[in-house]
Structures are given as C-alpha cells and as structure tokens.
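**Student:** Input: one structure, supplied below.
The values are calculated or read from the model by the stated rules, or taken from the named source; none is laboratory data. On a predicted model such as this, the values are computed, not experimentally measured, just so you know. Glycine gets a Cβ as well: all are built from the backbone with ideal geometry, and neighbour counts include every protein chain shown. Note: areas computed on protein heavy atoms with side chains; ligands, DNA, RNA excluded. Shrake-Rupley method; radii C 1.70, N 1.55, O 1.52, S 1.80 Å.
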Amino acid sequence: MQDFLVALIMPKQTILKQVLIWRAKYISHRQFVYILSIVVGFTSGLGALVLKNLTHFIQHLLEGNLIKYYHNAFYFVFPIIGLTLAYLVIKYVIRNKVSHGIPSTLFAISKRKGIMKQYQMFGSILSAPLTVGFGGSVGLEGPTVATGAAISSNISRMFHMNQTTRNLLIGCAAAGAMSSIFKAPVAAIIFAIEVFSLDLTIASLIPLLLASLSAILTSYFFFGDDILLPFKIEDKFILTDAPFYIILGVFAAITSLYFTQVYDKFHKFFSNIASPIKRLIIGGISLGILIYFIPPLYGEGFDVINNLIAGNPEKALENNFLQMDLTNIWTVILLLAGLVFFKIIASALTFGAGGVGGIFAPTLFMGSIMGNCIAKVINNSGLLNTPISESNFTLVGMAGLMAGVLHAPLTAIFLIAEVTGGYELFIPLMLTATISFGLTKYFSPHSVYNMQLGRKGELITHDKDHAVLTFMDIEKVIETNFVTITSKMNLGEIVHTAVVKSNRNIFPVVKAKTQELVGIILLDDLRPIMFDQDLYGEIFAYDIMQPAPEVIDFEKDKMTEIMQKFQDSSAWNLPVVKDGKYFGFISKSKLLTAYRRQLINFTK
C-alpha cells in the first residue's frame, strides 16, 4: 500500500517541479503573480458558488415542505438541528476548529505569515451551509472569504511564493469572494485594501483587479444577472435632506457601538464555558427561542432587506408572534426597532453555540432596518411637508452600519453605490458613512473583525513600521550564547567559569534552583576587582549585580513593546524571560538588522 501511495505522489511532485522550473525560465515573478491572481479569483468565485448553492439547497428543502405549513414549531427546532450538525461535522469530519472567516484570515496574515492549513479550504464549506441553511442568524460572506483565502494560501505555498506575495494573494481571494457575492468589483477591491490593510500600489492593484474581475465573470457565468440586492435608485438626493443623513450617521454610530459591545460580551461569555456541548445547548436553545418568537431573524435576512427597500415592511413582519396590527405605522416602527435590537443577539448566540458564519449579512440587515426605521419616524413626526425617501435611507443605513461595525467606510460607500447601479446617493453615502465611522472609531478603536488581534497588538495596519514589527519573529532575534552566573557564586568562580569562557561582556545572574533572573553583571563592573585574588572568596555575585534596565517577557511582549523598551532604557542588550526563567538576550543591533531585513521583504 505504501509503495502504491509513493507511486501516486511521485508523478505529481515531478510535474510540479517541472512547472516550477519552466516558470523560473520563462515567466517573471510579477507575471506569475498576475496569473495566480486570476486563478485565485476564479477559485474564490467557485467557493462562493458552492457555499451559496449548498445553503439555498438546504433552505429550499426545509422551507418548501415543512416551514411553509408548520413554521412556528420548526423555527425553534431547525437552528438547533443545524448547529448540532455543524458541531458533529467539525468534530468528526473536519477534526479541527473552524474559526470565524475574516478574523481567522487576519490572524493567519499577522501571526502565521499568510499560511493557512489545508482543512480551512473545506472547513467553512461543510459547516457554514448547515449553520445558515438551518436558520443560524449569520451570513455567508465571512466563510466565503476564509475559503478563498485558504485556497489562495495553499496555492501560494505550492508555488513557493514568499510571505508578501502570500498576503497579497489572500487579499486577492477576499476581493474575489466579495466581487462574486455582490457583483461589486470595485467595492471588493476596496474591501481587501481596507480590511486586510494592503498597500495600494501598482504591484498590488493589478492582481486585485484581475482577481475581482475573474471572480465576477465566474459569478455571471453561473448565476447570470441574479444579485443579492436587486434595486435601482428612484428618488434622487435633495440638499434639504442632508441634515437627516447627518442624524442617520449619528444613529448608525450608536447602533454600531451597540453591535460591537453585544458581540464582544457574548463572545466573552461563551469563551468562559469550557464544554462545547454546554455552549451548543445554551446557545442553540436560546437562539431557537428567539427565532421562534421573531421569525425574521431566521437565516441571513436578505429577503427582509429587499422587502424594506421595495417599501413592503408588512411582508417582512407578517409573522410577528403578537399578531400586532401592521396597519398602524408606529407598530411597524416598534417591530422594526425590535429587529435591530435582537439581530446581533441572535448572531452572537449562533457564534457562541458553535455555528460558522460571518457578520457582514447581520450588519447589512441591522443597517437597512435602522435606516428604514429612522426614515419612518421622520416622515410620521409631522415635521415635514415633503417626505424623505425611505428606500434611500434603507440603503444609506446599510452603508452607515458597515462603516461603523467593520471600520470600512470606503467599502460601504462603493458597495451600495455599485449594487444600486449608480452614484446618485454618493453624497449621502459619504456623509453618513464618514460620521458613523468617525464616531465609532473614537469610542471603539478596533472593528469586530480585528478586535481580538488589535487588543493584543498583533494587528496588521497601514502603518508600515507597526506592520513590519508585527511580522518579525521574536525567537529569531534571541541570543542564548551567554554564560549564566548563580547569585551565590563568589568572585573567583565568576572569573574562572564565566569571564574566561565567555566572549560577551554581560552576564545574567539567576537563582540556582529555579533559574529565575535576578540581575545582570557587566564586564565593566568586574574589571576593577577581577585581578585582585584576595577578593575572590569575599565578594559574591549578589554584591556586584545590578537590576536589568528592562526585562522582556517572551510570552507577553510584542515587537512594538520590545522596541519601546530599548528606546526607553537606552540599553544595547536586554534579558528575555520565558515561563519565569532566564531564556536569553536580545541585542539592539541584531533587532535593527532583523527589522531592516523584514522591511526590505515587506516593501519588495
């Protein structure tokens, strides 16, 4: 059997080797990146196709025969079944943790040098349709991006691409995924640049363009003209509406902060529950109860969004459990406000229970309803003679919440402009998105996507200096060729066991039993006394040692903090401790050399 497997693998390795040799001879690196970006765009489009069709197939099976007649009971049961199936698939089929789409991709870029494991290529494809198809209140955009990014990363590794190219192609996968889903190629490129902090240069722009174009052509080939938000703007922007769009921007910021806080609190709550079974039971039952009473929270919610844009809120609210009178506009407003309030709770419960999905669709859902709700309040307050456009406020509300929750204002502006087929709303989109982003950023520095990485200082940003430091590996700059001294060694032992044998001018002092660092001795401290043999038995290490100017903690300190410690202490060498024990030293000269080398690779 082993010989058969070797025979099966060898031809593939030989073919790949021949391709690599041919590529090195006849195609430049830049041209090959262009080719790979087209391939990555195509695979991202296929990933979107598979995820969407699997999800809709499950929804069609369930809704067509069961929910149609017995919806009340099954709105409670289906989400629990879907989350249970997703848990079983992750545990017994994938056998690895399937993280949330875009955060896991950002983690791979910042901490794994753009390397994503092979199971991530199919992990979301198997688990996300079960989550969303059975009514989990999350979206498919994050899993689609993660799937495309994982395929891109593994293609890059197969062709021996460096870290910079791997990260660029992951950005291409993100652009391809968004382009395929929304048929918005320009917004997709901007999304990759904003969320993944790619540098906007010709070297990066052309691959992003090719990937986005390749993905949207794939989408048109399989889906035709079918789009998620089929709407054309009918009401033009009027200057007198500008103050109301400013109000919308403020409410979008408030809603964004609410979204972020609720998501974070639920994430922390479920993280404290060690047992995945308990998380599944608590989250699944809570989600089932919530969707049972509020059916519009079932699934992604794009049907609700389209009904609101078309001016049919009654269609979206017709299944309310209180059977409230929908002819009363204030009842409709109250129910819509309730959807905004509970949607993020439903999404957070889906994630907490172990479901796999993204927060892009919930953001659009909440934003559209918030905008529609505010427009209805203004129109029915009796303050205006001419009503404002509720459909426009619905669309601009989506942009406002995207700008605040995702910290991606340009993506929000161009996405809504592209999906509506024009730029008539460009001014209100800019107005609302800018205000929402500015206020949210002030109170919440990190988006939902990068919250965890940002708090640890591991987030890649457009700040090149910070990005280069984040990419650096602390282990590669630690030097361990220092001779240690125990605190009770006398001067004679120090001279014969340390000074004579070491070519360094600094000696770490540790406790003999625990190896805990207690101080350092400089060669300059020893020179005045090291030749006086009368002092060899009288002076001990603890008499002449001094505290280190700063100590670097291997587990806790990031490169940015290490660089700051060198700057504050003006030291050339600082000791490193790991698990409470002395581990080595980092020298400023080696650190700066590694920084310069990483900067060259980063900007190449």
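**Student:** Give me a comma-separated list of calculated 3J(HN,Hα) values for segment 21-30, in order, Karplus coefficients 6.51, -1.76, 1.60 applied at θ = phi - 60°, integers in Hz, x for any Gly or Pro.
**Tutor:** Taking θ as phi minus 60°, the curve returns 5, 4, 4, 4, 7, 10, 10, 6, 4, 5 Hz for segment 21-30.
**Student:** Still on this model: Taking square-rooted eigenvalues a ≥ b ≥ c of the alpha carbon gyration tensor, is segment 294-450 rounded, prolate or oblate, where a/c under 1.5 means rounded and, failing that, a/b exceeding b/c means prolate?
**Tutor:** Here segment 294-450 falls in the oblate category.
**Student:** Is segment 164-312 best put as rounded, prolate or oblate by its Cα gyration tensor, with a ≥ b ≥ c the root eigenvalues, rounded for a/c under 1.5, and otherwise prolate when a/b is larger than b/c, oblate when not?
**Tutor:** Oblate, since a/c reaches 1.5 and b/c is not below a/b.
**Student:** Dipole magnitude of the chain about its Cα centre, charges +1 at Lys/Arg Cβ and -1 at Asp/Glu Cβ only, in debye to the nearest 20?
**Tutor:** The dipole magnitude comes to about 1620 debye.
**Student:** Which residue, chosen from ALA24, ILE170, ASN307, occupies the Cα position most advanced towards the positive end of the dipole of the chain, where the dipole is computed from +1 (Lys, Arg) and -1 (Asp, Glu) charges on Cβ about the Cα centre?
**Tutor:** Of the listed residues, the answer is ALA24.
**Student:** Please list, ordered by chain and number, the residues whose modelled amide H lies under 5 Å from the amide H of VAL518; skip anything fewer than 5 residues away on the same chain.
**Tutor:** VAL509, VAL510, LYS511
**Student:** Next up: What does the accessible area per residue of the chain come to in Å², with a 1.4 Å probe and no ligands, DNA or RNA counted?
**Tutor:** Each residue of the chain exposes 46 Å² on average to a 1.4 Å probe.
**Student:** Between (1) 1.01; (2) 1.08; (3) 0.97, which matches Rg/Rh (Cα atoms, Kirkwood Rh) calculated for the structure shown?
**Tutor:** From the options (1) 1.01; (2) 1.08; (3) 0.97, the structure gives (2).
**Student:** Could you estimate the translational diffusion coefficient of segment 534-576 from the Stokes-Einstein equation, with Rh from the Kirkwood formula over C-alpha pairs, at 20 °C and 1.002 mPa s, in whole µm²/s?
**Tutor:** Translational D for this selection: 174 µm²/s.
**Student:** Under a 5 Å amide H to amide H cut-off, with H placed in plane at 1.01 Å, what residues pair with SER137 once short-range neighbours are removed?
**Tutor:** Hits under the 5 Å cutoff: GLY299, THR350.
**Student:** What is the percent carbon and sulfur in the accessible area of segment 195-351, measuring with a 1.4 Å probe over the protein chains and ignoring ligands?
**Tutor:** Of the solvent-accessible surface of segment 195-351, carbon and sulfur hold 67 percent.
**Student:** Write out the trypsin sites (Lys or Arg not before Pro) in segment 81-147 meeting two conditions: DSSP loop, and at most 11 other Cβ atoms within 10 Å of their Cβ.
**Tutor:** Filter output for segment 81-147: ARG95.
**Student:** While we're on this one: Placing +1 at every Lys and Arg Cβ and -1 at every Asp and Glu Cβ, with all other atoms neutral, what dipole size does segment 279-379 have around its Cα centre, in debye to the nearest 20?
**Tutor:** Using only the charged Cβ atoms, the result is roughly 240 debye.
**Student:** Of all GluC sites (Glu not before Pro) in segment 274-364, which ones are in loop regions per DSSP and have a Cβ with at most 14 other Cβ atoms within 10 Å?
**Tutor:** Taking segment 274-364 and a limit of 14 other Cβ atoms within 10 Å, the loop GluC sites (Glu not before Pro) found are GLU318.
**Student:** Determine the share of segment 464-604's accessible area contributed by carbon and sulfur atoms, expressed in whole percent, with a 1.4 angstrom probe.
**Tutor:** Accessible surface attributable to carbon and sulfur in segment 464-604 totals 50 percent.
**Student:** With only Lys, Arg, Asp and Glu charged, each at its Cβ (+1 for the first two, -1 for the last two), find how big the charge dipole of segment 520-604 is about the Cα centre; round to the nearest 20 debye.
**Tutor:** About 900 debye.
**Student:** Please report, as a whole percent, how much of the solvent-accessible surface of segment 128-188 comes from carbon and sulfur atoms (probe radius 1.4 Å).
**Tutor:** 65
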